[in-house]
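Have a look at the structure below, then the notes.
The values are calculated or read from the model by the stated rules, or taken from the named source; none is laboratory data. Remember, predicted model here, so these are calculated numbers, not experimental data. A quick note on method: Cβ atoms are made from the backbone with ideal geometry, for glycine too, and the neighbour counts reach across all protein chains shown. When the accessible area is computed, the model is the full protein with side chains, heavy atoms only, and any ligands, DNA or RNA have been set aside. Shrake-Rupley method; radii C 1.70, N 1.55, O 1.52, S 1.80 Å.
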Amino acid sequence: MDQPRANEIRHILRGQDFDLELIEELFKRIDTLDEILRDPIKLAELQNNGRGRQVFTVFYEPSTRTRMSFEAAANNLGFAVVGTENAREFSSAAKGETIEDTIRVMSGYYPAAIVMRHHEDGAATRAAAASNVPIINAGDGRGQHPTQALLDLYTLHRELGRTKDLTVLVGGDLANGRTARSLVYLLSKFNNIEFIFVAPESLKMSDDIKLHLDERGIKYTETEDLENLLPEADVVYWTRVQKERLATGVNYEQVKKQYELSKNHLALMKKDAIIMHPLPRINEIQIEVDEDPRAAYFRQAAYGLPVRMALYEWVTHLL
Amino acid sequence: MDQPRANEIRHILRGQDFDLELIEELFKRIDTLDEILRDPIKLAELQNNGRGRQVFTVFYEPSTRTRMSFEAAANNLGFAVVGTENAREFSSAAKGETIEDTIRVMSGYYPAAIVMRHHEDGAATRAAAASNVPIINAGDGRGQHPTQALLDLYTLHRELGRTKDLTVLVGGDLANGRTARSLVYLLSKFNNIEFIFVAPESLKMSDDIKLHLDERGIKYTETEDLENLLPEADVVYWTRVQKERLATGVNYEQVKKQYELSKNHLALMKKDAIIMHPLPRINEIQIEVDEDPRAAYFRQAAYGLPVRMALYEWVTHLL
Amino acid sequence: MDQPRANEIRHILRGQDFDLELIEELFKRIDTLDEILRDPIKLAELQNNGRGRQVFTVFYEPSTRTRMSFEAAANNLGFAVVGTENAREFSSAAKGETIEDTIRVMSGYYPAAIVMRHHEDGAATRAAAASNVPIINAGDGRGQHPTQALLDLYTLHRELGRTKDLTVLVGGDLANGRTARSLVYLLSKFNNIEFIFVAPESLKMSDDIKLHLDERGIKYTETEDLENLLPEADVVYWTRVQKERLATGVNYEQVKKQYELSKNHLALMKKDAIIMHPLPRINEIQIEVDEDPRAAYFRQAAYGLPVRMALYEWVTHLL
């Protein structure tokens, strides 16, 4: 993000706001935090430093895993947590209160940060404008999910040792997949990245992203066929194709079959490639794939913990 | 409240139970706590003193803001929190268990206090009768919401420096507004208070309150016109008129228009008056009013935090 | 449970897995913890030892009391808590994710234990197979609720000083009552236990349990009449008969009347017998019974706190 002044409130709103310098700083800290997590004595020290702070988790739509990851991360830092699972239904929002008013009231209780999940695009930015404390966007509508984007990027750093010089195959529902889109955007900041987009015709990567890549001179290939270019990928970022999002007339069962990663695909992949997935996965990666060391998606999910710890540290000026 | 004996359980059930001596003691402590909240070192000390205690928040109907305020207050004191957002639907209550049984079980887990929100009038008093630990009423039906009443009163203390010698305009839905009714009741204990009640005919202040004021010889004026007496008010306590509560045949749009506080009204008000509102506000105070320093409602909400901290301290004999 | 090796993950999945040696060790520790709970200084010490750990409470069906008991127990040990009240509706499970995947992700966040409540029989065992951290079964379907079984057994230890040489009357809905069935199973491990089963014909104790007792040579009597054998019981474990579980054609009102414990029954009971109930109770024990010192059910519920504390200590190798 742009260099913040000393007293500036640090929000986390959009994936593209992370600049290269900040990413590097965060990755160093995440590496360290991941070690601290395995060392009870250092963890206790970390928590003692964090005591006194608290975080609010305000989820207008439920997302149990994301919320629990944020709350566990806060606990690991010694922060207390106050939250709501279903603010949309339960809170003053149901009575018609604006996001701005809700956030003004909540930020009046002095939390170290407010983690917000919302069903509307741009909600986090509106919240930030009304807030005296940092807003962390935990997903707003189909817009942004910046902490997921960062943990995806961190997965490359940890698993492959680099976030450049990579051929990245991104597959599944590219038209609607928020995480896939965000990762492509973030990766476009790094040198020598090449993309392979694998999607059914009606779920192709949208033009705004392709235009962005063209402007930056970044090479990408589009195909409906998974197997053809699979051998070239260093990273396979796979997502689910949902029936209700396919164009009418398209045979879902056939597409589903075609977009299911199985052991057969493993044979085609590079030996040191990795498979990522934002989870939950249903059938789009078969369970038999899990045993393969290249299946990185559960490790990827686990990185969410130190990633969110580092982001809390950054917004609270502990970092 | 009546002088408690050393071992007596201190409940917080009704606004009118606060006596003047206790109010004075609490206000002193709330002033101090509000300073501590801005001083990380003193806050850490406070929390270390509170460690080991825990609070249960048992909400039979959701009220996210009130719950979060109580939970944040507990965390600030170093108390752990265990809670439920929707006990009515989720808990044994759904199977037909009485409040008394539920409270007996919960008080058997040794919480420092049970904060209870309930949809039935008098639920808190029933709970207190069955409990071995302090019950804090966080609103029961249309009956009582004593911590809101105290924070409203505290707002006068903080914003105006006094809770006496005041002309208080209370407006909106006075027939159903729990907070407006409670504030009038509490203020009637102080010297030289005068009330102006502004409400549509069908939502006038109810007779029980007016009788109470008559008995105490407290002056009040009733009007449907906001602007007429606005220049005399030191405090404007404003609430929402809900369509479904108006008498049939009354034109809601017209009433709504008439009971919307706007910039025009600011021009009529005293320079050192304040505008209060229990929030959430929808349209009954226009957003343009927020910028005026006399708009005290967001500060009022924020006082809820130290107010609830002081009340926890009082019920747990820390105060 | 079978002797765990040093590095083995200790799960709590089924009541019958507790072996006599472990039960004895746990009961000693629960006695101690119950004393510590009443001593703020020792409790603070205990919590300092536990700091740094956190527990996840993942409830696929709501059970407010059980969840709060587990969360309060965790807080008492200094563990942080992250939880969800309604994972079935809110979480990735709703999108079709398997229990195994959910648990793999959650156990990747390093909790000290995952407490899981699930609507399907055997869910806890499936979770344990996928988990890198201890799973504590907080009830899975109509299968098991081992921590309730242990607290029931502990109640005998505390209230009567023994878990052997007892005549135990178990009454109500014995066909469906998970807690009644589990207690019978656990008690069958101890010497000189005799059972009296009191149930309507269509809700009799099922054959698997009776076969188990026969194999162990344990005496039991079956009757529909409560009063007849009541004078012989050292323990009356009473449960609710639900209308919808009676055979069609059976008069519910008559059965209900017949299975309501009242003051009249107290007169028939031994002077040092105890009445237990898993709670919530509706009408099946009349409120007038509560005052009798033999009414142990609220004390029984309260034992759940130190029982769950001891079980956390055991699974985390603190015990």
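Do we have any residue at all in the range B:199-207 that's in a strand (DSSP E or B) and more than 16 Å from the chain's Cα centre (by Cα)? Scanning the range B:199-207, I find no residue that is in a strand (DSSP E or B) and more than 16 Å from the chain's Cα centre (by Cα), so the answer is no.
Checking the range B:228-242 against the condition returns a match, with at least one residue being at pLDDT 95 or above, over 26 Å from A:G96 (Cβ atoms), open to solvent by 50 Å² or more (accessible area, probe 1.4 Å) and not aliphatic (A, V, I, L, M).
For the range B:71-91, the set of residues classified as facing chain C (nearest Cβ under 7 Å) and in contact with a Leu (Cβ under 7 Å, 6 or more places away or on another chain) is empty.
The set of residues in the range A:208-227 being outside any helix (DSSP H, G or I) and surrounded by 14 or more Cβ atoms within 10 Å (Cβ to Cβ) consists of A:I218, A:Y220, A:T221, A:E222, A:T223, A:E224. Out of contact with any strand residue (DSSP E or B) (no Cβ under 6 Å at 6 or more places or on another chain) and farther than 30 Å from C:N49 by Cβ: does that describe C:E284? When the stated conditions are applied, C:E284 passes them.
Quick check on the range A:150-163. Is at least one of its residues modelled with pLDDT under 95 and open to solvent by less than 30 Å² (accessible area, probe 1.4 Å)? No: zero hits.
A:R38 meets each of the listed conditions (1) away from chain B (no Cβ under 14 Å); (2) within 21 Å of the chain's Cα centre (by Cα) apart from (2). Among the conditions (1) out of contact with any helix residue (DSSP H, G or I) (no Cβ under 8 Å at 6 or more places or on another chain); (2) aliphatic (A, V, I, L, M); (3) more than 7 Å from every other protein chain (Cβ to nearest Cβ), C:A44 misses just one, which is (3). Taking B:I23 as the residue in question, decide whether it is more than 7 Å from every other protein chain (Cβ to nearest Cβ), in contact (Cβ under 8 Å) with a residue 40 or more places away in the chain and over 17 Å from the mean Cα position of the chain (by Cα). No: the conditions fail for B:I23.
Residue check: A:D292 meets all listed conditions (1) surrounded by fewer than 20 Cβ atoms within 10 Å (Cβ to Cβ); (2) among the charged types (D, E, K, R); (3) within 12 Å of chain C (Cβ to nearest Cβ) but one, namely (3).
Identification of strands (runs of 3 or more DSSP E) wholly contained in the range A:28-144 with 3 or more residues that are open to solvent by 10 Å² or more (accessible area, probe 1.4 Å) yields A:80-84.
Residues being more than 9 Å from every other protein chain (Cβ to nearest Cβ), touching a Gly at 6+ places or on another chain (Cβ under 6 Å) and touching a residue at least 40 places away in the same chain (Cβ under 8 Å) are represented in the range A:165-182 by at least one member. Looking at C:L174, is it touching a helix residue (DSSP H, G or I) at 6+ places or on another chain (Cβ under 7 Å), modelled with pLDDT under 95, not in a helix (DSSP H, G or I) and not assigned by TED's automatic domain parsing to the domain that holds C:I23? Here the answer is yes, as C:L174 does meet what is asked.
Inside the range A:295-319, residues that are polar (S, T, N, Q) and either open to solvent by 10 Å² or more (accessible area, probe 1.4 Å) or in contact with a His (Cβ under 6 Å, 6 or more places away or on another chain) (or both) make up a count of 1. Applying the condition of being touching a Pro at 6+ places or on another chain (Cβ under 6 Å) and at pLDDT below 95 to the range C:93-140 and asking which residue is farthest from C:V315 (Cα to Cα) yields C:K95.
I'd like to check something: does the range B:196-208 contain any residue that is out of contact with any helix residue (DSSP H, G or I) (no Cβ under 8 Å at 6 or more places or on another chain), free of Cβ contacts under 8 Å to residues at least 12 places away in the same chain and closer than 29 Å to B:H11 by Cβ? Yes, because at least one residue in the range B:196-208 is out of contact with any helix residue (DSSP H, G or I) (no Cβ under 8 Å at 6 or more places or on another chain), free of Cβ contacts under 8 Å to residues at least 12 places away in the same chain and closer than 29 Å to B:H11 by Cβ. A:L166 meets all of the listed conditions (1) in contact with a strand residue (DSSP E or B) (Cβ under 8 Å, 6 or more places away or on another chain); (2) of a type in the set (A, V, I, L, M, F, W, C); (3) buried (at least 24 other Cβ atoms within 10 Å of the Cβ); (4) not assigned by TED's automatic domain parsing to the domain that holds A:R53 but one, namely (3).
Inspect all residues belonging to the range A:275-286 and state whether any of them is of a type in the set (D, E), touching a residue at least 40 places away in the same chain (Cβ under 8 Å) and either closer than 17 Å to A:L229 by Cβ or surrounded by 12 or more Cβ atoms within 10 Å (Cβ to Cβ) (or both). Yes, the conditions are met somewhere in the range A:275-286.
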